[in-house]
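The values are calculated or read from the model by the stated rules, or taken from the named source; none is laboratory data. Fair warning: this is a prediction, and the values are worked out from it, not measured in the lab. Glycine gets a Cβ as well: all are built from the backbone with ideal geometry, and neighbour counts include every protein chain shown. Accessible surface is based on the protein model in full, side chains and every heavy atom, while ligands, DNA and RNA are left aside. Shrake-Rupley method; radii C 1.70, N 1.55, O 1.52, S 1.80 Å.
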Amino acid sequence: MFDRYLVLSEIGRGGGSTVYLVRHQKLGEYRAVKRISKQSDFTWKIREASILNHLKHPQIPSVYDMEEDEEAYYIIEEYIEGESLETLLFQSSFITPDFIYQTIMEVADILDYMHHLKPNPMIYQDLKAEHVIISKSGVKLIDFGISSFLGESGNKFQNYGTPKFCAPEKSEEAKTGIWTDVYSIGKLLEELIGAEETGESLCLMHIAEKACSFDLKERYITMREFQADLTAHMQSKKNSNHEKHLLKKIVVAGSQPRIGTTHISISFTQYLNRQNKFAVYREENTSEDMRKIILQGGFVEEGGLYRRGNFFGMPAYGEGVAVNIPNEAVLVLDYGSDLKGALLEKADLFLFIMGSRAWETERDHQSYAKVKNKKGLILLTNYGNKKQTKQYARKYAHTVYCFPLDENPFFMTKEKEKLFETLLEQKGERNQNDWYRRKHPRKRGHSLICGIGKLCSKWIR
């Protein structure tokens, strides 16, 4: 294809267009190519390339190029690997209340980004389970062919969409706005609730019904208002199922700089929120890594806290900046390599991170001597090095846990989930509500990182 791409397979078809999985011959990267036949009504379909060019968000596919020949137009896009939400709806074990909450919140984040795009806000208009992809790095939204700028007139996109998810005013009056997307996400939430077998998520139905109200005055005004109501309800549910006093503060510190405290702290915060234990990551070191992560995009600022999906965190603001953090929140304090500051904190859990490379071990031993008597001490090694973990366990006569080799702190693998569950057992915080636990679909062609494994010795886990 165009002397640049090798076509590997067809991955989708419909409405006069076909989508292919291709590999760039020189770069070796996988791409998705949407072929739009000129014999179809292609005018509105090829505008997707222009729409995507305006959208810069980590959960929206990038568009690389557009080609044309005598028969068709070709849009070359980022290839998103994963399963569609439509497919997962047929596998009910994946649909848990926690899965519903995280998925809906991430979709809402994407739509909210579009609604506040500057200088020209946009609306999506075609939300449905088929267009939501559950990928390795979280939720992705695809197919922006009928998205439009707010207030855009003179086109027929107001009349397009899937009837089941279209707001009544859209189909009857061709009237569109933010409220159109609010209605659609309400219908999506309704569909997920219906697919969840235990009935535990029925408590969210009143939120879906308000979002889908036929009366615009009764509907949520913005996506953020919808998200706030959903979060508040999930937190109230959490408070009724968990004792508040058991776990309040977790300190994470490392034996030396660049040892992975931020990665592990973010992962732990993400895990706790997925288990409906409202947790907030707080940067207590001078690395400014959190600010750098925020600048990469995908976050929503809410009263000084930055949210991405169900992760909440804040950078090191310094003195004079106050952020209102709810009293029931579990604080995850990332002290980096500042052991002096970390040891001054009274924490329920004190996670001490050690390196596993040869040149790091001497500093590990020196730093361990400073923290070995700290109450609530838990020892971890990074990089998934079980051999070094076992050596530390023998040397210190102390249980040492091995943090798995991990790429994305915001993506919860089964290995990390099992590790954090084990750590909470040390505090008597084991979650008694198994329905909160999200199931992870396997990805075709790629397996997730291997499980944490069997016990290597009586000291290593």
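Quick notes
- Matching residues in region 239-256 - criterion: being modelled with pLDDT of 90 or more and of a type outside the set (A, V, I, L, M): Lys249, Gly254, Ser255, Gln256
- Region 200-215, residues that are without any contact (Cβ under 8 Å) to a residue 12 or more places away in the chain and within 24 Å of the chain's Cα centre (by Cα): Leu202
- Sole residue being under 30 Å from Gly309 (Cβ atoms) and surrounded by 13 or more Cβ atoms within 10 Å (Cβ to Cβ), chosen from Tyr20, Tyr73, Tyr64, Tyr5: Tyr64
- Filtered by the rule that a residue be in contact with a helix residue (DSSP H, G or I) (Cβ under 8 Å, 6 or more places away or on another chain) and either open to solvent by less than 60 Å² (accessible area, probe 1.4 Å) or part of a strand (DSSP E or B) (or both), region 368-397 gives Tyr368, Val371, Lys374, Leu377, Ile378, Leu379, Leu380, Thr381, Asn382, Gln388, Tyr392, Tyr396.
- Candidates in region 88-117 are the residues that are hydroxyl-bearing (Ser, Thr, Tyr) and within 19 Å of the chain's Cα centre (by Cα); of these, the one that is farthest from Ala32 (Cα to Cα) is Thr96.
- Considering Ile259, Ile353, the condition of being modelled with pLDDT of 95 or more and crowded, with 19+ Cβ neighbours inside 10 Å is satisfied by Ile353 alone.
- The residue pairs whose first member lies in region 274-291 and is among the acidic types (Asp, Glu), whose second member is open to solvent by less than 10 Å² (accessible area, probe 1.4 Å) and at pLDDT 90 or above, and whose beta carbons are closer than 6 Å, counting only pairs six or more residues apart or on different chains, are Glu283/Met290; Glu283/Pro315; Glu283/Asp334; Glu284/Leu333; Glu284/Asp334.
- Residues that are under 27 Å from the mean Cα position of the chain (by Cα) and either modelled with pLDDT under 80 or outside any helix (DSSP H, G or I) (or both) were ranked within region 168-196; the one that is surrounded by the fewest Cβ atoms within 10 Å (Cβ to Cβ) is Gly177.
- Residues that are open to solvent by 10 Å² or more (accessible area, probe 1.4 Å) and over 25 Å from Ile11 (Cβ atoms), drawn from region 116-131: His116, Leu117, Lys118, Pro119, Asn120, Pro121
- Filtered residue count, region 329-342, keeping only those that are out of contact with any strand residue (DSSP E or B) (no Cβ under 6 Å at 6 or more places or on another chain) and either open to solvent by less than 60 Å² (accessible area, probe 1.4 Å) or polar (S, T, N, Q) (or both): 2
- Residue within region 38-46 that is surrounded by 15 or more Cβ atoms within 10 Å (Cβ to Cβ) and either among the small types (Gly, Ala, Ser) or under 30 Å from Gly194 (Cα atoms) (or both) present: no
- Residues of region 284-313 classified as under 17 Å from Tyr335 (Cα atoms) and open to solvent by less than 10 Å² (accessible area, probe 1.4 Å), total: 2
- Among residues of region 98-119 that are under 19 Å from Ser62 (Cα atoms), those with a Cβ under 6 angstrom from a residue that is polar (S, T, N, Q) and not in a helix (DSSP H, G or I), sequence gap 6+ or separate chain, pair up as Ile110/Gln59.
- Criterion violated by Pro97 - all others in (1) within 28 Å of Phe411 (Cα to Cα); (2) open to solvent by 10 Å² or more (accessible area, probe 1.4 Å); (3) not hydrophobic (A, V, I, L, M, F, W, C) satisfied: (2)
- Look at (1) farther than 27 Å from Phe94 by Cα; (2) surrounded by fewer than 16 Cβ atoms within 10 Å (Cβ to Cβ); (3) modelled with pLDDT of 90 or more and you find that Gln426 fails only one, number (3).
- Counting residues in region 5-14 that are in contact (Cβ under 8 Å) with a residue 12 or more places away in the chain, part of a helix (DSSP H, G or I) and of a type outside the set (Val, Ile, Thr) gives zero.
- Exclusive hit being outside any helix (DSSP H, G or I) and either out of contact with any Gly (no Cβ under 8 Å at 6 or more places or on another chain) or at pLDDT 85 or above (or both), set Asp364, Asp406: Asp406
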